[in-house]
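The values are calculated or read from the model by the stated rules, or taken from the named source; none is laboratory data. This is a predicted model, so every value here is computed, not measured. Every residue, glycine as well, gets a Cβ built from its backbone with ideal geometry; the counts of neighbours run over all protein chains shown.
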Amino acid sequence: MQQLFFMVLFLVMIGSICVKCQGPDDKWWNRLMTQGLACRNDTCRRNDATCECYLTIEHRLTMMNEKDRILLLPFKGKFRPFNNTTKTYSEDEDDDFIAGDGFGSRMVIAVNRRFPGPQITAYENQNIIIHMRNLMHTDSTTIHFHGLHQKRTPWSDGVAFVSQCPILPGQIYTYSCYAKPFGTSFYHAHIGDQRSAGLYGPLVIIPLSSVNISTPQDDNDGKVYTVAVQDWNHFDEPETLYQRMLFGSFDLQRNEVINTTSDISGAKFSRFHCHSGIINGKGRFYNKLTTHNQAPLTKYDVEPNTEYRFRVIGAATLYPFRVYIEGHKSIRIVASDGFELEPIEVESLIIHPGERIDFILRTDQALSNYLLVAEILEVEPAFKDQHHAAEAIIHYIGADYNDKELYPPKAIPNICSDKEPCKIFNCPFMYYPEKKPNLSDME
């Protein structure tokens, strides 16, 4: 017992020497919540030793105007009150709403009032200090920093009951670790299925060296975007979803069993039913193959003839997605799971839960608006007349962007054929999407 005591004391002393850990400054909690940001603006800069962030965790509802206590409905790419068919909201007002896919209203977990949580951007080797405040009424939680190796800081890995005790309701906990390795990562809950309910956010580590590093890296000139892709379920909270996966999922309106879907190889997914997909917390629900509910989408503004980096994060619960950009036959893969790659020109990429893939888009098409599409890799019978995908708008600056462009029709897929085969990055199949082995040149 005495040896164990001295061992623990030694580890605590090592931790205090290696990692700077400090208590929170109370003024930053509400300031960052109001701004919807994660980190202090006097830290996290290139020459700063630390990157200090404050994350407040709480429950919120989708499609709810909390200020006026009014349910929202999607309407032509905007929000409107459920009891007023003519009123819509400004972009500033929209910022405080949580959309999901615009169907109904369900509970999510917000971080600094955002869903998903705000991005943490640090520079390589910085000491990241993250104060976490749990304002959920009854749920404990932890946060795991997906992609960070946690060398010398295993107590900050965020695995409940393994590396730490859960953070109880009302408690504040401080994580402290190093920003290594560089690349695209994300932070997410590590208790139950809280990640599916929204407790996650991007975590980007900018490299200090520029040797053999793809560019652009930081967002100082507005040429880097983050794409957090998630599968979305309308009705069930995380713990209910677990029970559904054990005992079955049912359509309670039609009194029908929802059968487990599969991919083109025949491999079955679980009973987690995916109604739609969302990108950065926004998406739209297709009640038929080509008919959607006009919910607002995430928009990326791009200048023509310019290169942009897109950091794609697989934040899904279960389903993989194929990501492509309408009207653009080529994107350039430059990194995967934080590792730099020899650049690869492809038509699309496939991303699974937990993966991160960076690509460069050259905006060399006609001045217009296009859809970034993340389609779910499931095979649905044609008679179901369903379309499950996440979408976002790629808006070429200078192109029209009026009311009609806010809710574009379903994307026109890029043409892939024997004469014009498409190359897909990270494809687990011998062919995709059609059953012709020479359709897809896989990497």
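Details
- Taken as a whole, the condition of being in contact with a Leu (Cβ under 6 Å, 6 or more places away or on another chain) and either more than 25 Å from residue 59 (Cα to Cα) or small (Gly, Ala, Ser) (or both) does not apply to residue 160.
- The stretch 172-195 residues that are in the same structural domain as residue 155 (by TED's automatic domain parsing) and among the β-branched types (Val, Ile, Thr), paired with ones that are assigned to a strand (DSSP E or B) and surrounded by fewer than 20 Cβ atoms within 10 Å (Cβ to Cβ) (beta carbon under 9 Å, 6 or more apart): 172/133; 191/160
- Selection from the stretch 262-277 of residues that are surrounded by fewer than 23 Cβ atoms within 10 Å (Cβ to Cβ) and assigned to a loop (DSSP other than H, G, I, E, B): 263, 264, 265, 266, 267, 269, 270, 271, 272, 274, 275
- Count of residues meeting criterion [farther than 13 Å from residue 285 by Cα, within 20 Å of the chain's Cα centre (by Cα) and assigned to a strand (DSSP E or B)] in the stretch 376-391: 1
- Residue in the stretch 103-119 that is over 30 Å from residue 180 (Cβ atoms) and assigned by TED's automatic domain parsing to the domain that holds residue 162 present: no
Table: residues versus (1) surrounded by fewer than 20 Cβ atoms within 10 Å (Cβ to Cβ); (2) aromatic (Phe, Trp, Tyr); (3) without any contact (Cβ under 8 Å) to a residue 60 or more places away in the chain; (4) closer than 27 Å to residue 203 by Cβ.
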| position | (1), (2), (3), (4) |
| --- | --- |
| 279 | no, no, no, yes |
| 307 | yes, no, no, yes |
| 317 | yes, no, no, yes |
| 324 | no, yes, no, yes |
| 331 | no, no, yes, yes |
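- Only listed residue being in a loop (DSSP other than H, G, I, E, B), surrounded by fewer than 19 Cβ atoms within 10 Å (Cβ to Cβ) and at pLDDT below 95, chosen from 401, 432: 401
- Qualifying positions in the stretch 294-318 - among the hydroxyl-bearing types (Ser, Thr, Tyr), at pLDDT 95 or above and outside any strand (DSSP E or B): 306
- Note on the stretch 137-172: residues that are surrounded by fewer than 21 Cβ atoms within 10 Å (Cβ to Cβ) and over 21 Å from the mean Cα position of the chain (by Cα) amount to 20.
- Pairs with Cβ under 6 Å, 6+ apart, first in the stretch 93-120 and assigned to a strand (DSSP E or B), second at pLDDT below 95 and crowded, with 20+ Cβ neighbours inside 10 Å: 108/197; 108/198; 109/194; 109/197; 109/198
- The condition (being modelled with pLDDT of 95 or more and more than 25 Å from residue 218 (Cα to Cα)) is satisfied by just one residue among 152, 106, 133, 114: 133.
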